[in-house]
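> Sharing a structure, written as structure tokens. Questions coming.
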Amino acid sequence: MTQNVGSTMSRAIRSRYQSFAKTFYFFTRSPIATIGLVVVVFYVLVAIFGPIALGGNPWRMTQFLSYRGQYIYNTPQPPSLSFPFGTTFEGYDIFNGVVKAARVDIMVAAIVVLSGALIGTILGSIAGYKGGLTGDVIMRITDIFLSIPSLVLAIAFLVIFSRTLNVMVLALIVIWWPTYTRIVRGQVLSVRELKYVEASVAAGASSLRTIIRHIIPNSIYPIFVQVSLDFGNVILTMAALFFLGVGFAGYWTPEWGNIISIATTFSSGIPAITHYWWTVVIPALAILILVVSLNLMGDGLRDVTDPRLRR
Amino acid sequence: MKEVLIDAIGLRKYFPIKGGVSGRTMGYVYAVDDVNVRIYKGETVGLVGESGCGKTTLGRVLLDLAEPTAGMLFYKPEDSISDKVSEIYKNLKTNKPSELKKEEKKIVGEAKRADVFRNKSRNREFRKKVQIVFQDPVSSLDPRMLIKDVIAEPIIINGVPLEDGKRKKLKGDELLSYMKEMIGEMGLNEDHLFRFPHEFSGGQRQRIAIARAISIRPEFLVLDEPTSALDVSVQAQILSLLKQLQQKYGMTYLFITHNLAVIRAMSDRVIVMYLGKIVEMSKTDELFNTPIHPYTQALLSAIPIPDPERKREILVLSGDVPSPANPPPGCRFHTRCIFAEDICRKEEPELEEIKEGHIVACHFAKEIITGQKKRSNNA
């Protein structure tokens, strides 16, 4: 909002900072959004510094197969002083796994959701603003991707290429971009008919300028909500893929869904899981708290980015 | 001789009606059909007509905001090239280029090269000289932009004209002080630059929209029902503001409205449109005193007179406006005209100059003036 004013670089930076500070102030006025933000920041800090503090290989959960010569850790141990979140089957330390998984999950989800949103915003705004043949071609391609069940598509990707982290990220992006394209296109279709877009054309603005300055800022806010919802969905889908046995690497992978899937794979049915409740509940809570906080934060973000709701 | 600012010849804008699964074109809405308009520098032209008669579309086509189906638009035409072309088109009944003579083709070709729609550099020049103010002040300002950014946009793209005729793109403090001066002129204050559109009332927003439009000092301004969304006291303020600005900057207005009182107060000349065609064109006083076309008569008789003692004949139009997708043959007004006769159903009347500067498209224009024309039986 501060472009074009500010004769010097420093002035531009200062005014940009002021506008950010103002936005942040409005954000903190909503207690629920603030709680969401605090929790998300906490998760991000854990993701960055947790694995460093724990030491060891950040891509591998610590496994305690034997303890003082006894193989007691093959069965889950309840939370105790030495294992704050307990251990799961095969002797994996849940605290260790949950902390290391924060890095993997948040990284993958962030990459997937943000690149999906970026691709969707670009393609959707072109398809919506230009319309005609260009728009039709983009939307039909989107439809083709949407018509294939997303989980099947991801499994196909992982099986055809290789079961590595990179392919997993790629597969998830392939699943996610069409939704964003559809949302953005729908928004753009309604925004482009508004008079301020025509006024911008009448002022001699190029299509690119009109899209960047008017169309995208006015059609992007459902994306904020969608991103915060999808962040959790990506984590859940990843968990589902691990559950189906097509996750990357092996059981030692620190990934919340994987920790749950260890419990469901090795336990002998539902009574065992209810007995060893911490093996499922703790990683699931890790997912739940993050997803809920992201939603709260997303709502708050949407509110502060819309000037009409701000004052 | 007044200087011609805008000269449009044979403007047509047909909107395709798409239908069916394959989206093929089922027909067209004839929003603007063969309209010739000439606008002189410094005047205010009023454009009236019912809803859906193509007023707004004509305004948009005249600014090249909507691509015309056919027609030419000249901005400050040189060597009366548009005269020659309109002469040629007038003689050409069927509008088929193949029937043109060789030298006529040459003139038309030359004209097309000077035409705003086809000539890119002229189009760019044209863009800097024309602006529009929309009817709805709520949707005409981007809700996510500060007022200063709204007003700055045309200036950043086009620059402002200097005294020596060149244009200068303003930046930083210069731009801000220019905008402050501008917003003061609109009757708002400097603080308003740093607010968002939703913090203003309708009248204030319309002032901002006008500020944006005139920020690049356009020569031609299309006002598309600028006051119809405002309440009456604010309407008067906006109209007087527009008059002041016109005097100060020597702008030419095309005033689109269906409010006849506003037209009478504002414009020098009036164009009356019906179903995509011009039916009458005259000086304002002349038109209001002696309307000729039966449609204009009906329009004017609908103006309320604040005097209960005065009786007069009110012409109430029966029926609705026919669909512009399927206009009636012959005179487009014959379905509702009290004077309609057989010729009206078959032959389309041409625009004729009945009196000096008073152009009407009606078969019975002369009879109507002299009062000889009686109502037809079937009306």
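The values are calculated or read from the model by the stated rules, or taken from the named source; none is laboratory data. Being a predicted model, the structure only gives us computed values, none of them experimental. Glycine also receives a Cβ, built like all others from the backbone with ideal geometry; neighbour counts cover every protein chain displayed. For accessibility, only protein heavy atoms count, side chains too; no ligands or nucleic acids. Shrake-Rupley method; radii C 1.70, N 1.55, O 1.52, S 1.80 Å.
> Among the residues that make up segment A:291-300, is at least one of them farther than 23 Å from A:ASN166 by Cα, within 14 Å of chain B (Cβ to nearest Cβ) and of a type in the set (Asp, Glu)?
no
> Here is a further query. Scan B:PRO349, B:PRO291, B:PRO328, B:PRO324 and give me the residue that is touching a residue at least 24 places away in the same chain (Cβ under 8 Å) and open to solvent by less than 90 Å² (accessible area, probe 1.4 Å). Steps first, please.
Details: B:PRO349 fails: touching a residue at least 24 places away in the same chain (Cβ under 8 Å); B:PRO291 fails: touching a residue at least 24 places away in the same chain (Cβ under 8 Å); B:PRO328 fails: touching a residue at least 24 places away in the same chain (Cβ under 8 Å).
After ruling out the rest, the residue left standing is B:PRO324.
> Exactly one of (1) more than 10 Å from every other protein chain (Cβ to nearest Cβ); (2) touching a Gly at 6+ places or on another chain (Cβ under 6 Å); (3) β-branched (Val, Ile, Thr) is unmet by B:VAL160. Its number?
Unmet condition: (2).
> Would you call B:ILE216 part of a helix (DSSP H, G or I), among the hydrophobic types (A, V, I, L, M, F, W, C) and either under 20 Å from B:PHE134 (Cα atoms) or within 12 Å of chain A (Cβ to nearest Cβ) (or both)?
On the way: part of a helix (DSSP H, G or I): no; among the hydrophobic types (A, V, I, L, M, F, W, C): yes; either under 20 Å from B:PHE134 (Cα atoms) or within 12 Å of chain A (Cβ to nearest Cβ) (or both): yes.
No; evaluated as a whole, the condition is false for this residue.
> May I pose another question? Can you work out which of the residues in segment B:190-213 that are within 11 Å of B:ILE147 (Cβ to Cβ) and not in a helix (DSSP H, G or I) is farthest from the other protein chains (Cβ to nearest Cβ)?
For segment B:190-213, the residue satisfying everything is B:PHE200.
> Among the residues of segment A:174-193, count how many are of a type outside the set (D, E, K, R), surrounded by fewer than 20 Cβ atoms within 10 Å (Cβ to Cβ) and within 14 Å of chain B (Cβ to nearest Cβ).
Residues in segment A:174-193 being of a type outside the set (D, E, K, R), surrounded by fewer than 20 Cβ atoms within 10 Å (Cβ to Cβ) and within 14 Å of chain B (Cβ to nearest Cβ): 1 in total.
> With the condition kept exactly as written, say whether any residue in segment B:178-187 is within 11 Å of chain A (Cβ to nearest Cβ), out of contact with any Ser or Thr (no Cβ under 9 Å at 6 or more places or on another chain) and surrounded by 15 or more Cβ atoms within 10 Å (Cβ to Cβ). Before the answer, list the steps.
If we filter segment B:178-187 for residues that are within 11 Å of chain A (Cβ to nearest Cβ), which is where we start, we get B:179.
With out of contact with any Ser or Thr (no Cβ under 9 Å at 6 or more places or on another chain) added as a condition, the list becomes none.
No, because not a single residue in segment B:178-187 is within 11 Å of chain A (Cβ to nearest Cβ), out of contact with any Ser or Thr (no Cβ under 9 Å at 6 or more places or on another chain) and surrounded by 15 or more Cβ atoms within 10 Å (Cβ to Cβ).
> Collect the residues in segment B:109-134 that are open to solvent by 10 Å² or more (accessible area, probe 1.4 Å) and among the small types (Gly, Ala, Ser), keeping them in residue-number order.
B:GLY109, B:ALA114, B:SER121
> Test B:GLU353 against the criterion of being part of a loop (DSSP other than H, G, I, E, B) and not small (Gly, Ala, Ser), and give yes or no.
No; evaluated as a whole, the condition is false for this residue.
> While we're on this one: Mind checking which helices (runs of 4 or more DSSP H) fall wholly inside segment B:232-343 and carry at least 2 residues that are β-branched (Val, Ile, Thr)? Can you show your working first?
Values: elements: B:232-249, B:260-266, B:284-289, B:294-301.
Correct list: B:232-249, B:260-266.
> Checking the structure you have, find out if any residue of segment A:19-38 is over 19 Å from A:ALA109 (Cβ atoms), open to solvent by 80 Å² or more (accessible area, probe 1.4 Å), at pLDDT below 75 and more than 14 Å from chain B (Cβ to nearest Cβ).
yes
> All but one of (1) outside the structural domain of B:PHE74 (by TED's automatic domain parsing); (2) part of a helix (DSSP H, G or I); (3) buried (at least 18 other Cβ atoms within 10 Å of the Cβ) hold for B:ILE157, so report the exception by its number.
The number of the failed condition is (3).
> While we're on this one: Within the set of pairs 6+ apart or on separate chains, which have a first residue in segment A:228-247 that is on the phi > 0 side of the Ramachandran plot, a second that is of a type in the set (Gly, Ala, Ser) and open to solvent by 30 Å² or more (accessible area, probe 1.4 Å), and C-beta atoms under 6 Å apart?
Cβ pairs passing all conditions: none.
> Here's a follow-up. Scan segment B:117-134 for residues that are touching a strand residue (DSSP E or B) at 6+ places or on another chain (Cβ under 6 Å) and at the interface with chain A (Cβ under 8 Å from one of its Cβ atoms) and report the count.
Summing the residues that are touching a strand residue (DSSP E or B) at 6+ places or on another chain (Cβ under 6 Å) and at the interface with chain A (Cβ under 8 Å from one of its Cβ atoms) in segment B:117-134 gives 4.
> Might you check whether a residue that is within 21 Å of B:LEU73 (Cα to Cα) and either touching a Ser or Thr at 6+ places or on another chain (Cβ under 7 Å) or surrounded by fewer than 23 Cβ atoms within 10 Å (Cβ to Cβ) (or both) occurs anywhere in segment B:259-269? I'd like the intermediate steps shown before the answer.
First, the residues of segment B:259-269 that are within 21 Å of B:LEU73 (Cα to Cα): B:269.
Right, trim to either touching a Ser or Thr at 6+ places or on another chain (Cβ under 7 Å) or surrounded by fewer than 23 Cβ atoms within 10 Å (Cβ to Cβ) (or both) and you get B:269.
Taking every residue of segment B:259-269 in turn, at least one turns out to be within 21 Å of B:LEU73 (Cα to Cα) and either touching a Ser or Thr at 6+ places or on another chain (Cβ under 7 Å) or surrounded by fewer than 23 Cβ atoms within 10 Å (Cβ to Cβ) (or both).
> Another question, then. Here are some residues: A:ASN96, A:ASN166. Which one is without any contact (Cβ under 8 Å) to a residue 12 or more places away in the chain and assigned to a helix (DSSP H, G or I)?
Numbers: A:ASN96 fails: without any contact (Cβ under 8 Å) to a residue 12 or more places away in the chain.
Among A:ASN96, A:ASN166, only A:ASN166 is without any contact (Cβ under 8 Å) to a residue 12 or more places away in the chain and assigned to a helix (DSSP H, G or I).
> Look through segment A:85-95, keep the residues that are open to solvent by less than 10 Å² (accessible area, probe 1.4 Å) and on the phi < 0 side of the Ramachandran plot, and return whichever of them is nearest to the chain's Cα centre (by Cα). Step through it out loud before you land on a result.
From segment A:85-95, those open to solvent by less than 10 Å² (accessible area, probe 1.4 Å) are A:86-88, A:91, A:94; that's our starting set.
Now restrict to residues that are on the phi < 0 side of the Ramachandran plot: A:87-88, A:94.
On the way: A:THR87: 27, A:THR88: 26, A:ILE94: 22 Å.
Residue satisfying both the conditions and the ranking: A:ILE94.
> Could you check segment B:135-144 and list, in sequence order, the residues that are open to solvent by less than 30 Å² (accessible area, probe 1.4 Å) and more than 7 Å from chain A (Cβ to nearest Cβ)?
In the first step, residues of segment B:135-144 are kept if they are open to solvent by less than 30 Å² (accessible area, probe 1.4 Å); the result is B:137, B:139-144.
Hit for segment B:135-144 is B:PRO137, nothing else.
> On to the next question. Which members of segment A:234-261 meet the condition of being among the small types (Gly, Ala, Ser), part of a helix (DSSP H, G or I) and open to solvent by less than 10 Å² (accessible area, probe 1.4 Å)?
Looking only at segment A:234-261, we keep the residues that are among the small types (Gly, Ala, Ser), and these are A:239-240, A:245, A:247, A:249-250, A:257, A:261.
Going one step further and asking which of them are part of a helix (DSSP H, G or I), we end up with A:239-240, A:257, A:261.
Result: A:GLY257, A:SER261.
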